[in-house]
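Data first, discussion second: the structure below is written as structure tokens.
The values are calculated or read from the model by the stated rules, or taken from the named source; none is laboratory data. Predicted, not measured: the structure shown is a model, and the values here were computed from it. Virtual Cβ from ideal backbone geometry, glycine too; neighbours counted across all protein chains shown. Ligands, DNA and RNA are excluded from the accessible area calculation, which covers all protein heavy atoms including side chains. Shrake-Rupley method; radii C 1.70, N 1.55, O 1.52, S 1.80 Å.
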Amino acid sequence: MNGELFAGYPTARVDEAVGPDGRLRNGWVEVAAALERLGSAGLVAAAGDLGARRRERGVVVSAWADGRQELRPVPMDPVPRVMDAGTWAALSSGVAQRHRALNAFLADVYRPAGRRRGDTDRAAEIVRAGMVPEWAVAHGPGRDPGAVARAWPGQPRATVAAADVIRGADGRWLVMRDALRVPSGIGYALANRESARAATPELLTGLGSRLVDPTDAVRLLRGALTAAAPPACTGTPQIAVLTQGESDGAWFEHQVLAEALGAPLVRAGDLWPRGDSGVEVAVDGGRLPVDVLYRRFDDALLGAYPTGAGLPLDVGLTEAVRAGRLTLANVPGNGVADDAAGYAWVPAMIRFYLGEEPLLESARTWVLADPSAWAAVRDRLHELEVQEVAGYGGRGVVHGPGCSAAELAALREEIAAAPHRFVAREPVEPSTAPTLVDGVLRPRPVDLRVFSVAGATTTTLPVALTRVAPEAAPARVGVPGAGSKDTWLLR
């Protein structure tokens with residue numbers, strides 16, 4: 001392997017740019033040449049420029065530290081991540097397939113009473129078929145019985161979804177997590193390309209038409225939100241982005257998305273009832289009727305904020321949905337499908353609802369509410385990762401190999417007392433990608449968040465978010481404080 005930047009580059013792990021023989025992989029030759037032209041000094045300067053631009057732009061995310069919420073910058077590495085056309089096509093098909101199956105599961109779980117075949121058993125059809133245990137649906141921490149009334153008949157409950165994927169040590173891509181509630185990251189991915197265009201234009205220009213334009217994602221997102229318009233909408237649907245406000249950890253992204261969509265960014269207090277049982281929003285001193293609310297607002301907080309008329313937000317929204325005048329995208333209650341236990345049954349959902357084999361694999365998972373599963377892993381906690389079923393977004397994960405004997409004993413005792421609260425998984429070591437560390441390129445673990453939308457069809461968006469672990473090990477990606485990369489999707 002030639003070049004100053006890649007001289008001495010370690011290849012002990014599965015790396016996306018450099019093979020075990022030290023040679024650059026397909027798709028990386030042109031990129032490496034462009035990086036070499038910049039050189040180490042150029043990359044260090046670009047990294048400084050990126051940091052300054054992103055601080056000025058306010059690219060931040062919130063994190064909890066010492067019991068309080070604080071805003072942290074989202075660092076961006078100047079070295080892009082390259083995804084060849086074949087790999088991206090395979091990932092796109094697999095993520096869209098999961099989205100279709102998960103939406104079918106949500107429709108099954110939340111089907112209104114009286115609409116089931118025979119109407120003799122209100123259990124979901126997948127439960128009656130023995131593919132998913134009844135308790136996982138009836139008692140899942142993300143299930144919301146009130147969510148039945150918050151979608152109109154036939155509406156896809158997850159208009160926008162995301163899947164976190166990694167490439168394992170054997171080169172296979174695995175889905176590690178699904179996000180169906182208020183999936184974040186599209187705005188950050190768009191901001192990454194904006195940052196790259198400003199700080200490293202030399203890298204982007206070399207690929208020309210081979211590089212997929214991420215702004216196409218905005219068009220597809222807007223199309224899916226438009227297609228989600230409620231039955232009573234007769235004209236061009238008006239979309240608004242609903243945010244909690246500056247206190248939300250993804251406030252930066254909410255602003256980016258509203259600007260990109262050309263939609264007003266509104267808070268609970270901006271919403272007012274209108275005479276036809278619909279909703280309007282206060283914008284620039286006037287009122288604007290709204291048909292679709294792109295909801296960037298956690299389910300658990302919907303009842304805690306009042307509308308402009310003083311109604312609890314969840315009540316006001318539900319009344320408008322029931323009247324056929326409003327669509328919520330996404331519908332509250334989707335947590336029943338994307339918690340850590342639901343993840344274990346996505347392959348079964350794909351087979352049951354779609355009649356297909358999964359295109360992407362999942363990590364091996366044991367749902368410990370099953371006594372046989374708990375028995376199988378009880379003495380293997382030092383080898384596995386344990387996650388709380390309710391630990392959405394990767395929270396509540398214990399990495400067994402990093403625990404002391406005392407910590408493992410305490411974990412075993414906690415699980416034994418309430419096994420239904422936990423799942424266990426085989427740890428998967430993610431692939432690495434070249435990252436600028438102290439002025440030189442070093443491999444760092446990466447994951448990828450892939451987005452999809454359900455409109456007239458279910459489509460993967462041509463934009464993806466790469467997140468970088470802050471250290472070489474342990475391989476923890478997708479956590480606050482980790483870095484990010486511009487993701488190059490090639491045609």
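Set side by side, the residues G249, G245 differ, and just one is at positive phi and part of a loop (DSSP other than H, G, I, E, B), which is G245.
Determine which member of the set L302, L293 is at pLDDT below 95 and surrounded by 21 or more Cβ atoms within 10 Å (Cβ to Cβ).
The match here is L302.
Which residue is most open to solvent (accessible area, probe 1.4 Å), if the candidates are limited to segment 328-345 and must be more than 16 Å from the chain's Cα centre (by Cα) and more than 14 Å from V109 (Cβ to Cβ)? If we take residues in segment 328-345 being more than 16 Å from the chain's Cα centre (by Cα) and more than 14 Å from V109 (Cβ to Cβ), then A344 is most open to solvent (accessible area, probe 1.4 Å). Within segment 57-72, can one find any residue that is modelled with pLDDT of 90 or more, part of a helix (DSSP H, G or I) and on the phi < 0 side of the Ramachandran plot? Yes, that holds for at least one residue. Of the helices (runs of 4 or more DSSP H) lying entirely inside segment 329-385, the ones with 3 or more residues being touching a helix residue (DSSP H, G or I) at 6+ places or on another chain (Cβ under 8 Å) are found at 335-338, 346-349.
Step by step: first the residues of segment 1-36, then only those that are open to solvent by 30 Å² or more (accessible area, probe 1.4 Å) and touching a helix residue (DSSP H, G or I) at 6+ places or on another chain (Cβ under 7 Å), then the one that is nearest to R210 (Cα to Cα). Which residue is that? Among residues in segment 1-36 that are open to solvent by 30 Å² or more (accessible area, probe 1.4 Å) and touching a helix residue (DSSP H, G or I) at 6+ places or on another chain (Cβ under 7 Å), the one nearest to R210 (Cα to Cα) is L24. The condition of being open to solvent by 50 Å² or more (accessible area, probe 1.4 Å), outside any strand (DSSP E or B) and touching a residue at least 40 places away in the same chain (Cβ under 8 Å) holds for only one of P214, P141, P156, that being P141.
Of the residues G324, G310, the single one that is touching a residue at least 60 places away in the same chain (Cβ under 8 Å), in a loop (DSSP other than H, G, I, E, B), open to solvent by less than 60 Å² (accessible area, probe 1.4 Å) and not aromatic (F, W, Y) is G324. L411 satisfies every condition listed in (1) in contact (Cβ under 8 Å) with a residue 60 or more places away in the chain; (2) open to solvent by less than 60 Å² (accessible area, probe 1.4 Å); (3) not charged (D, E, K, R) except (1). Taken as a whole, the condition of being at pLDDT 90 or above, under 30 Å from A250 (Cβ atoms) and loosely packed, with under 15 Cβ neighbours inside 10 Å applies to G48. When you check A189 against the structure, is it open to solvent by less than 10 Å² (accessible area, probe 1.4 Å), under 30 Å from A320 (Cβ atoms) and touching a Leu at 6+ places or on another chain (Cβ under 6 Å), yes or no? Considered against the rule, which asks whether it is open to solvent by less than 10 Å² (accessible area, probe 1.4 Å), under 30 Å from A320 (Cβ atoms) and touching a Leu at 6+ places or on another chain (Cβ under 6 Å), A189 comes out as no.
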